[in-house]
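As structure tokens, the structure follows; a few thoughts come after it.
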Amino acid sequence: KRKIDYLLFLRSNIPIAVVEAKASYKHPREGQGQANLYAKEMGVFFAFSTNGTRFIEYDLLRSTEREFGMDEFPTPEMLWQRLADAKKWTEEQMKIIRSDYYFQPGQKTPRYYQYVSVNNMIEHVATGHKRGLLVMATGVGKTYTAFQLIHRLMNTKGLVNGKKIKKVLFLADRNILVDQTMKNDFSPFGNLRMGKIQNRTIDSEK
């Protein structure tokens, strides 16, 4: 088990950097190895280490390092722009990649690996890939992950491969799993937007 000292977000569903904080008598670089590890595990590309006096930044995309003072820390938008420039995202791609998760007060929020899974798949689709595969173990929230992925793709203002996503097929190997999913994780979609395929019949209005 490991704990990140600070996880910085561009917005509520998009982590963008980690910061490892060390005691003031230590060199600011002392926590850099930890910061780099946590950044990789969180799927972010900016890792910072500090002793409260200076910062060390490691850019995992460019494999570059720099040191700077406490009042020179980059803004979230500055980091995002550096990330977008390095990955050469278009404006339309960025609309999809920055799309919001579904969230209502009092409801659960994604676990760290669900953030990574959904964000990576959204980027994968937004940048033109037609196929992708997430492999997840039993009990880690596959259905919830699928819901967040579908929600973001269907509610984005951008286009995926030039087309607006209108329908998604969710498959399960038992009827009860489909029923539970419609009642629980997928309930925010509402009955007007969901239909269960039965006897090989599809409600084309949903």
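The values are calculated or read from the model by the stated rules, or taken from the named source; none is laboratory data. Keep in mind that what you see is a predicted model, and the values were worked out from it rather than measured. Ideal geometry is used to build each Cβ from the backbone, glycine not excepted, and the neighbour counts take in all protein chains shown. To get the accessible areas, we keep the full protein, side chains included, count just its heavy atoms, and leave off ligands, DNA and RNA. Shrake-Rupley method; radii C 1.70, N 1.55, O 1.52, S 1.80 Å.
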- [ ] Look at Ser63 and say whether it is open to solvent by 30 Å² or more (accessible area, probe 1.4 Å), in contact with a Gly (Cβ under 9 Å, 6 or more places away or on another chain) and over 20 Å from Thr127 (Cβ atoms).
- [x] no
- [ ] Please give the number of the condition Val125 fails out of (1) open to solvent by less than 30 Å² (accessible area, probe 1.4 Å); (2) among the hydrophobic types (A, V, I, L, M, F, W, C); (3) over 17 Å from the mean Cα position of the chain (by Cα).
- [x] (3)
Open item on the list: Quick test for you: out of Glu77, Glu57, pick the one residue that is over 18 Å from Met121 (Cα atoms), of a type outside the set (Phe, Trp, Tyr) and exposed (fewer than 13 other Cβ atoms within 10 Å of the Cβ).
Closed with: Glu77
- [ ] Please list, ordered by first then second residue, the pairs with beta carbon atoms under 7 Å, 6 or more apart or interchain, first in segment 179-200 and under 18 Å from Lys166 (Cα atoms), second acidic (Asp, Glu) and open to solvent by 40 Å² or more (accessible area, probe 1.4 Å).
- [x] Gly195/Asp203
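Residues of segment 168-186 being surrounded by fewer than 12 Cβ atoms within 10 Å (Cβ to Cβ) and over 13 Å from Phe147 (Cα atoms), which ones?
If the condition is that a residue be surrounded by fewer than 12 Cβ atoms within 10 Å (Cβ to Cβ) and over 13 Å from Phe147 (Cα atoms), then Asp173, Arg174, Asn175, Ile176 are the ones that fit.
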Task: Pair list, Cβ under 9 Å, 6 or more apart: segment 122-134 residue free of Cβ contacts under 8 Å to residues at least 24 places away in the same chain and more than 14 Å from Lys95 (Cα to Cα), other residue open to solvent by 40 Å² or more (accessible area, probe 1.4 Å) and assigned to a loop (DSSP other than H, G, I, E, B) - done: His129/Asn161
- [ ] Please identify the pairs in which a residue from segment 1-20 that is more than 20 Å from Asn119 (Cα to Cα) and open to solvent by less than 80 Å² (accessible area, probe 1.4 Å) has its Cβ atom under 7 Å from the Cβ atom of a residue that is outside any strand (DSSP E or B) and of a type in the set (S, T, N, Q), counting only partners at least 6 apart or on another chain.
- [x] Glu20/Gln34
- [ ] Go through segment 97-108 and count every residue that is in contact (Cβ under 8 Å) with a residue 60 or more places away in the chain and surrounded by fewer than 19 Cβ atoms within 10 Å (Cβ to Cβ).
- [x] 4
Open item on the list: Quick check on segment 27-34. Is at least one of its residues open to solvent by 20 Å² or more (accessible area, probe 1.4 Å), at positive phi, modelled with pLDDT under 95 and outside any strand (DSSP E or B)?
Closed with: no
